[in-house]
Structure formats: structure tokens, C-alpha cells
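Reviewing the structure listed below.
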Ligand SMILES: COc1ccc(C(=O)Nc2ccccc2)cc1NC(=O)CCSCc1cnc2[nH]ccc2c1
């Protein structure tokens, strides 16, 4: 598949299958590259939706950045091509689908599974942060599950806010937003990649409890986030509670860094790391 000259992808090369995520991701279809049989996810973006001019260059830049990301816990962007009206993204297909569906079905994950997922999130975020990329939109809806049960983050909030992303951002859940992104007048230069640490804390809580820590009406959620006002239920182990409390810290500089998350007793206990 990759042997092909990446410059020459075109729609005729693919057999299009069922829609994935039923329009949740915009128009994404299961697809198979005819000559190699390689299965992937083909995402269609309409150029009309992406305003012309400046944004187009930004889109190209985002796609270039994402095409260079290679990590087992990050959905690959293999390539892209376009016709007169549409841009097509050739994305990795995650065989076990959307993580939030598994979470809803199981209500909440056992501690060993939550710890393994958080360790994988750590690895992916370390990789992105090393490249000075912050995700900014960590939540179960943006995590997929690969065929071997490994998780893969996707749909980067830092990428161009395509219309479908903007809709999500505008009326998506506030639950995962860190206090510094909620503060009035906060603009891009007021926050840094430590926003992903806060969201990792919210994710850890939601994996273990089955609902987000500040879940409430939109107004109340914002108030509770601003005060880090949340209670960890008693069925959550002391080690897990300790990690959650070290991530959900109002001051971004005081949040436990990813290196220390990886070494945290709760993670180490459940993730027999090789070597
Ligand atoms: C790395 O990931 C991405 C990278 C870039 C973009 C994107 O839209 N960029 C953009 C937007 C506007 C202008 C320019 C660039 C999107 C994704 N990711 C997704 O769209 C999530 C579904 S990935 C497909 C997929 C796989 N496997 C599955 N299994 C079940 C459902 C499913 C769904």
C-alpha cells in the first residue's frame, strides 16, 4: 500500500465500504485499496466547507504535520488527495471502533483496564508534546480502539477547526475543558500542553467512575471546573484517586508531568512494563 507513489492516490484506487461512525466524524467510510487489499478509513472533506484562501494553506500544513506522526496510540494519516470539490484523508482504520461506545456499554472500566488505557494515552501525549503539539480535545469520543485492544487518539483538536470539528467544539461537552481554557478572555497564548494533563485527569476519572467529574448543567460545570470541585467515589482505589487529584490541579504548572504519570504506583501496579 505504502509502496505506491504517495503522490498518486486517487478515488478510483479504493473500494468504498460502509460509513464509519455514522456521520459523527463527518463523512468517513471504510475503504479498501484495490491493488494491495489494504483496509483504511477514507474521510471526505468538502472544499466548500473549508473556506478558501488562508484556511486552505493551514489545512495543508495540518495535514503535513499529521502525515508525519507515527505512534501506535495515534490514528495514522497515511496520505491525502483531492478532486475538484473534495479533499480525501486516508486514515488508519481502528478495528474495534469507538472507545466511548465500550465505556457506555461497560458503564465503567476495571482499574487494570483503565490504568492500561491511561498508560497508552501517556505514551501518545508524550510523543505529541515532544513535537510541541497539544491535543486539546482529549475525551472518550476522540479515542478509537485498535484490533488488539490498544487505544488510538484521533481527530486532533489542534488541527484546523474544520466545520465538523467547530460544531463539536461549539456544542460539544464542556466536561473536558481545563479551567485556563474556560477563563474569560483566555486565548491561545494563555494555555500550553498542560491542558492535556487536566483532560487526562478527567479521562481517568470517567474511565473509573463512568461519568465525568464535573458533569452538571453547562453553567454549573463551568463553576465546578473553575474550583476543581469534584468528589471521587469511595469505590475508586486510593492510588487511582491520588493520580486523579494530581492531574486535576487548577494551576497548570502544578499538574503532575507525563513522566511522573507513567511512574505513578497506580499505573506501575497494572502495567507490567517490559524491561
Ligand atoms: C488522525 O485522525 C485524524 C486526522 C485528521 C482529521 C481531520 O479531519 N483533519 C482535518 C480536518 C479538516 C481540515 C483538514 C484536516 C481527522 C482525523 N480523525 C478522524 O476523523 C476520526 C475518525 S478516524 C477514522 C476512523 C477509523 N477507524 C474507525 N473505526 C470506527 C470508526 C472509525 C473511524
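Read-outs throughout are calculated quantities, based only on the coordinates presented, and are distinct from any laboratory measurement. Values in this document were obtained by computation on a predicted structure and should not be read as measured data. Heads up, the Cβs are rebuilt from the backbone with ideal geometry, glycines too, and the neighbour counts pull from every protein chain shown.
Some observations on this one:
- The order of 44, 217, going from fewest to most other C-beta atoms within 10 Å of their C-beta, is 217, 44.
- Pair residue 227, residue 262: separation of 7 Å Cα→Cβ label points (nm): 3.7 nm
- Once the chain from residue 235 to residue 82 is taken as fully extended at 0.36 nm per residue, the excess over their C-alpha distance is 50.0 nm.
- Geometric extent, Cα atoms of the stretch 214-275 - Rg, Dmax (angstrom): 14.1, 47
- The label-point distance for residue 269 and residue 49, in a model that sets each label 7 Å from Cα toward Cβ, rounds to 4.4 nm.
- Each residue in 152, 96 was given a count of other beta-carbon atoms within 10 angstrom of its own, and listing them fewest first yields 96, 152.
- Estimated distance in nm for a label pair at residue 101 and residue 18, the labels positioned 7 Å out from Cα along Cα-to-Cβ: 0.8 nm
- Additional length obtainable on full extension of the chain from residue 132 to residue 183, 0.36 nm per residue less Cα span: 16.1 nm
- Residues residue 36 and residue 112, FRET efficiency given R0 of 51 Å [Cβ-Cβ distance, rounded to 0.05]: 0.85
- Extension gain, residue 27 back to residue 253 (0.36 nm per residue minus Cα-Cα distance, nm): 77.5 nm
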